[in-house]
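Report on one structure; see the data block that follows.
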Amino acid sequence: MPQLQFWHFLPQFFWLAVCFITLYLVMAFVALPRIGSVLAQRREKVESDLDAAERARGDADAALAAYEASLVGAREAAHKAIGEASHAASKAAEARNHELDGEIARQIEEAGRAITASKAQAMESLSGMAADAARAATAKLVGVEVSEADARQAVEAAKDA
């Protein structure tokens, strides 16, 4: 193996030093600054993205708070509207009940008059029927024929007594 021969060591060390220094200089002045700038750009991008995300979260929290506040306001408005509608409906129902009460009272009064008229007519008819029954009973029991006017007069007298 030629690498292990001593007289080849010096030229190998020379070329090793030349290659090492050349690679070191290329890395130090060309590659590493570019890599460093790329890393710095990435770091700045990540930091700006994190800042933007934090601002977006703040905006989202503010929007959520505004949404919740508007939701509370909408609920309060809905409860108020429901209360007003309920109050208006109860007022309308109360007015309708008063109206119906008046109509029912009128119908009861009319029915009372009709009952009174029917009762008077029935009593009048009953008086006529009682007079006829009294005439028939007198004719059958006593054998005397009583006039219709006398029978009515007797029934009226008995009714007043």
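The values are calculated or read from the model by the stated rules, or taken from the named source; none is laboratory data. As the structure is a computational prediction, the values presented were derived from the model and not from experiment. With ideal geometry, Cβ positions are generated from the backbone for all residues, glycine too; neighbour counts draw on all protein chains shown.
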| said: Given the options R96, R152, R113, name the one that is in contact with a helix residue (DSSP H, G or I) (Cβ under 6 Å, 6 or more places away or on another chain) and either part of a helix (DSSP H, G or I) or at pLDDT 85 or above (or both). | reply: R152
| task | Inspect the range 105-112 for any residue being closer than 21 Å to D160 by Cα and among the acidic types (D, E) and give the result as yes or no. | result | no
| field | Residue check, G128 assigned to a loop (DSSP other than H, G, I, E, B) and at pLDDT below 85 | value | no
| task | Report, ordered by the first and then the second residue, all pairs with beta carbons closer than 9 Å, sequence separation of six or more or different chains, a first member in the range 28-46 that is surrounded by 10 or more Cβ atoms within 10 Å (Cβ to Cβ), and a second member that is in a helix (DSSP H, G or I). | result | none
| said: Against the definition (exposed (fewer than 10 other Cβ atoms within 10 Å of the Cβ), modelled with pLDDT under 95, assigned to a helix (DSSP H, G or I) and more than 55 Å from the chain's Cα centre (by Cα)), how does K140 come out, yes or no? | reply: yes
